[in-house]
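Following: one structure in structure tokens, then a few remarks.
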Amino acid sequence: MESSCAEDGFNYLVVLIGVILGLGVVQILTGLASMIRNRKTIRIYWVHLVWCATIFLLLIQHWYVIYTWRDFGSTFASYVYFMIYPTLLYAGSALLAPKVENAQKVDFEEIFYADRHWFFGICFLGLTEIVCRSLLFNNTSIVDTQNLIRLAGLFIVLMLGWTHRKRVHAIGATVSLGLLVIFIALYSSTFHAK
């Protein structure tokens, strides 16, 4: 009977996380559709699009790996804790994909740099939460390959939140997406990923 309650709690948590992640996916896809629809009045910035792709992949990857969390705990605190990362992913997607009205002139490069402190602050908090969860719940070491990749990501987002240099942002966005693709290829190929 106890495992049934734990399973019900897990399913309950997964539904709420799925809703939040789904809202993030909708935010990114709606934003991209809006960019296409309003392409004559907006200025697209490729670095911004790389971050849209990165957040989209993070949303999908997180949805995929939550099924490995069967033993997440059943307290209110554990529910709140496991909601932090999906909520941060949604917030990041909302910053990247603002609502664009018809015929509204929008410069996504300008928006990206204006919001960069918030966006990379959210990314920093998200990566910090993931490293902490890995250490606390997966019993991994800080020098585990997964955590080393995450720590590299932490360094990148700290640097990008601090600087306005476009070349650094171009390199940082490309390297971040590359690290994520490598991470997914190495650790998300089965449901046994950490």
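The values are calculated or read from the model by the stated rules, or taken from the named source; none is laboratory data. Note that the structure is predicted; figures quoted are calculated from it, not measured. Every residue, glycine as well, gets a Cβ built from its backbone with ideal geometry; the counts of neighbours run over all protein chains shown. With ligands, DNA and RNA removed, areas are computed over all heavy atoms of the protein, side chains included. Shrake-Rupley method; radii C 1.70, N 1.55, O 1.52, S 1.80 Å.
If you go through region 37-63 and keep only what is assigned to a helix (DSSP H, G or I) and either over 25 Å from G172 (Cα atoms) or among the charged types (D, E, K, R) (or both), you end up with just R37. Only residues that are out of contact with any helix residue (DSSP H, G or I) (no Cβ under 6 Å at 6 or more places or on another chain), modelled with pLDDT of 85 or more and of a type in the set (F, W, Y) were counted in region 52-77, giving 1. All conditions but one from (1) open to solvent by 50 Å² or more (accessible area, probe 1.4 Å); (2) among the charged types (D, E, K, R); (3) touching a helix residue (DSSP H, G or I) at 6+ places or on another chain (Cβ under 9 Å) apply to K105; the one that does not is (3). With respect to the conditions (1) buried (at least 19 other Cβ atoms within 10 Å of the Cβ); (2) at pLDDT 90 or above, S34 falls short on a single one, namely (2).
When residues in region 133-150 are screened for being open to solvent by less than 60 Å² (accessible area, probe 1.4 Å) and under 27 Å from V168 (Cβ atoms), 4 of them pass. Note on region 110-122: residues that are in contact with a helix residue (DSSP H, G or I) (Cβ under 7 Å, 6 or more places away or on another chain) and either open to solvent by 20 Å² or more (accessible area, probe 1.4 Å) or outside any helix (DSSP H, G or I) (or both) total 6.
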